[in-house]
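Student: I'd like to ask some things about the structure below.
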Amino acid sequence: MASTRTRTLRFWTGDEQGRLKSLTCAQEGGNWSVNATTVPAAGSSNAVQKLSLLRREEGDDLLAVARADGTLSLLRTSYSPAGEASAAALLDTTEPRFRPSAQFVGLSVRESGVYSCTSSGHLRRTPLPASSSSSAPESSGPEQDPEAQLAALPQRLRAMQLSPSGRTLAYGGDEVSASVWSVERAFARKSGAEAPDGAGAGAGEGKKRKKSKELFAGELWRARNEPNDALDLRVPVQITALAHLAPSDTQLVTGSEDGSLRLYDTRAGRKPQGHWRAPFKRPVRVVEPGGEHQLFAADAAGTLASVDTRTGRCMYTYRGLTSALTALAPVPTSGQPLLAAVGRDRTFRLSSAPPPPGDAKANAGQRGEELVRLWMPSVPLALVFAGFGEAGAGAVGGPGPAGRDGDGKGGGDGEGDGEVWEGMQEVGSDDDDDGGDDGEPEERKKRRRV
């Protein structure tokens, strides 16, 4: 019988143990399945904090990895004809200004280099190695400590993102308003790169700055502070998440500690074009743009919602989430919109993601539903969509029912997940009725009570 081939979705995820996993989702006969494989890769074994993928039409994709010890890696990812993923190290380097208390708040890989930023405001652009070219021969090992460009942004950052065009970047944080900088001008500030408050190369301009609202050298736009509250008290700036509404460079969405979302258009002024609070009751942790007029946002209480950016209305929330989500990855498709997510409950989820209706005043006709899930051995902290592929029949595990591994016969994770499930007593199974109270060992009864 000829082998049938199924179109698949590919993802990469990194967890708190430093492992990189390749995930493959496939649909057959209306049922979804997911398979995870741990991919050995050179570099540190510390927790993965950020991932970024550069998808190329020709040649292999490039995957950038930022870890909790300040190391940065660049990997070339590839897939065998059977759909098995592999990753070869092209670059290993360390952010020299990284502090033990800091973390990476932004990472992006482009053809112009790997851009990274820490919570201390240390911005870095690392050029791509020559071996990253699709026409370059296989290298014997990763390039070590390449010459990089360094710059500095304000401290206490919580989020930084490069714009879709790569010409600007945006950031925000604790008492750091949403701001947009020119990338080239930021790296052009040489001697003053360590002093964004006006010292160093910008000292002449800094002396002229009479108010904090005036822009730094290299800064193009900054959001205006919120007006005082009903008690005439200052409203603190606590930005916890940030994203561009692609493909626009000028539209930004920020999530805050108080659970609110703000939409800015840098061409229209410094005030937010929208300020929305429902349905989040806890700090917003992740924001990601979906389809047209659609935004996905998740808070620290496990609420994941689809928001219409035209009105700020919550179109629907996802049911069944048991913990806060750590990363979202919308899947750009011409058919059924999809959304992948990972969370602190060690679970990968693939869900449907119906777009907002054409009429902004109409109610949503459908809500997002979970399609398949996969339990993982450790907490995944980063997730990226890696495109589409094809797999032969049997390359991907069987349908993954909710609450199970989701990879059919144990998948290719290599973590012994199948043995863990086999060793667990399934409450309410047929085996419980066979022995009854008379034939059930005493030890088994004790385990059940515990």
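Student: How many of the residues making up the stretch 40-53 are of a type in the set (A, V, I, L, M, F, W, C) and under 19 Å from the mean Cα position of the chain (by Cα)? Before you say what the answer is, go through the steps one by one.
Tutor: Here is the first cut: in the stretch 40-53, the residues of a type in the set (A, V, I, L, M, F, W, C) are 41-42, 47-48, 51, 53.
Narrowing further to those that are under 19 Å from the mean Cα position of the chain (by Cα): 47-48, 51, 53.
Looking only at that region, the number is 4.
Student: Tell me, which strands (runs of 3 or more DSSP E) lie completely within the stretch 1-111 with 2 or more residues that are touching a Ser or Thr at 6+ places or on another chain (Cβ under 8 Å), in contact (Cβ under 8 Å) with a residue 12 or more places away in the chain and more than 23 Å from Arg124 (Cα to Cα)?
Tutor: Details: elements: 5-15, 20-28, 31-38, 48-54, 61-67, 71-79, 85-94, 104-110.
Because the criterion is at least 2 residues that are touching a Ser or Thr at 6+ places or on another chain (Cβ under 8 Å), in contact (Cβ under 8 Å) with a residue 12 or more places away in the chain and more than 23 Å from Arg124 (Cα to Cα), the strands (runs of 3 or more DSSP E) in the stretch 1-111 that meet it are 5-15, 20-28, 31-38, 71-79, 85-94.
Student: Got a number for residues in the stretch 213-240 being touching a Gly at 6+ places or on another chain (Cβ under 7 Å) and within 15 Å of His275 (Cβ to Cβ)?
Tutor: Result for the stretch 213-240: 1.
Student: Let me ask another. Of these, Arg76, Arg19, which one is buried (at least 21 other Cβ atoms within 10 Å of the Cβ), of a type in the set (D, E, K, R) and closer than 15 Å to Ala382 by Cβ?
Tutor: Matching residue, one of Arg76, Arg19: Arg19.
Student: Now, a different point. Leu91 fails exactly one of the following numbered conditions: (1) farther than 23 Å from Gln149 by Cα; (2) surrounded by 20 or more Cβ atoms within 10 Å (Cβ to Cβ); (3) not polar (S, T, N, Q). What is the number of that condition?
Tutor: (1)
Student: Residue check, Lys361 against (1) surrounded by 18 or more Cβ atoms within 10 Å (Cβ to Cβ); (2) charged (D, E, K, R); (3) modelled with pLDDT under 95, all met but one. Which one?
Tutor: Tallying (1) surrounded by 18 or more Cβ atoms within 10 Å (Cβ to Cβ); (2) charged (D, E, K, R); (3) modelled with pLDDT under 95, Lys361 fails exactly one: (1).
Student: When the residues of the stretch 246-270 are filtered to those that are among the charged types (D, E, K, R) and loosely packed, with under 15 Cβ neighbours inside 10 Å, which remaining residue is farthest from Thr326 (Cα to Cα)? Outline the logic, then answer.
Tutor: Initial filter on the stretch 246-270 (among the charged types (D, E, K, R)): 249, 257-258, 262, 265, 267, 270.
Applying the additional criterion that residues be loosely packed, with under 15 Cβ neighbours inside 10 Å yields 267, 270.
Details: Arg267: 31, Arg270: 29 Å.
Checked the stretch 246-270; the qualifying residue farthest from Thr326 (Cα to Cα) is Arg267.
Student: Among the residues of the stretch 271-281, are any of a type outside the set (Gly, Ala, Ser), in contact with an Asp or Glu (Cβ under 7 Å, 6 or more places away or on another chain), surrounded by 21 or more Cβ atoms within 10 Å (Cβ to Cβ) and not in a loop (DSSP other than H, G, I, E, B)?
Tutor: no
Student: List the strands (runs of 3 or more DSSP E) that sit entirely inside the stretch 120-193 and contain at least 2 residues that are surrounded by 15 or more Cβ atoms within 10 Å (Cβ to Cβ), at pLDDT 95 or above and of a type in the set (Val, Ile, Thr).
Tutor: 176-182
The values are calculated or read from the model by the stated rules, or taken from the named source; none is laboratory data. Remember, predicted model here, so these are calculated numbers, not experimental data. Ideal geometry is used to build each Cβ from the backbone, glycine not excepted, and the neighbour counts take in all protein chains shown.
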